[in-house]
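What follows is a short report on a single structure.
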Ligand SMILES: Nc1ncnc2c1ncn2[C@@H]1O[C@H](COP(=O)(O)OP(=O)(O)OP(=O)(O)O)[C@@H](O)[C@H]1O
Ligand SMILES: [Mg+2]
């Protein structure tokens, strides 16, 4: 049995990672290729807890009122969720010959936790250390978008605010994603201009996946 491909979709909040993970899974299945869509935080026990932290449902009590956990706690929880996600969901599917598409992966940990941890090299180095065993994807698609467009999309989508929903942070994250290959040398990273219609972006996503599969594309 040939192993499935491991593909990751990344970008700032509102870039369209969830939208394009879903479309890619549907397109692969429409071509008769077995595909499994997943996400980080994962739907496992630690990922489920992390989602409660992101929405403010789970907080640290303090004398000045409840607050989110520190960036170090967040980094460790994300790293623990990732190990569990890889072991319990990603690798078993890949071994079954199923292509796995993940809405976010360890790039988000390095982007969000090292930025909220001050953005220095020390923070980035440590976040990478605790994720050192994360299996490398075969292809990472980064959806590039100006932070203002992403903010507008989040607003229109109308979901509640999350702890990383902050204009300045999102601008720093957008910059990180633009230069992401400097942070992950050796990874197969492709940027896609996500400031276009969903159909145009989806067509580019599919073209890159076909290229990865060794199909002839223009
Ligand atoms: N290319 C696009 N053009 C216009 N709207 C888009 C495009 N891609 C996604 N959207 C819309 O923008 C909103 C945000 O998309 P989506 O939820 O996929 O973003 P996301 O990156 O997953 O965000 P988050 O990280 O916050 O989960 C959705 O309402 C979606 O329909
Ligand atoms: Mg999403």
Has region 149-168 got at least one residue that is touching a strand residue (DSSP E or B) at 6+ places or on another chain (Cβ under 7 Å) and surrounded by fewer than 16 Cβ atoms within 10 Å (Cβ to Cβ)?
no
For residues that are within 15 Å of the chain's Cα centre (by Cα) and more than 16 Å from ligand 2 (Cβ to nearest atom), scanning just region 84-108, find the one that is nearest to residue 7 (Cα to Cα).
100
Mind checking which residues of region 24-42 are within 16 Å of ligand 2 (Cβ to nearest atom), crowded, with 21+ Cβ neighbours inside 10 Å and more than 13 Å from the chain's Cα centre (by Cα)?
24
Considering residues that are buried (at least 17 other Cβ atoms within 10 Å of the Cβ) and within 21 Å of residue 165 (Cβ to Cβ), the number found within region 94-123 is 15
1 or more residues at pLDDT 95 or above and within 25 Å of residue 150 (Cα to Cα): qualifying helices (runs of 4 or more DSSP H) within region 8-110:
17-30, 45-54, 71-85
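The values are calculated or read from the model by the stated rules, or taken from the named source; none is laboratory data. Predicted model, so just to flag it, every value in this text is computed and none were measured. Methodologically, a virtual Cβ is constructed for each residue, glycine included, from the backbone with ideal geometry; neighbour enumeration extends over all protein chains shown.
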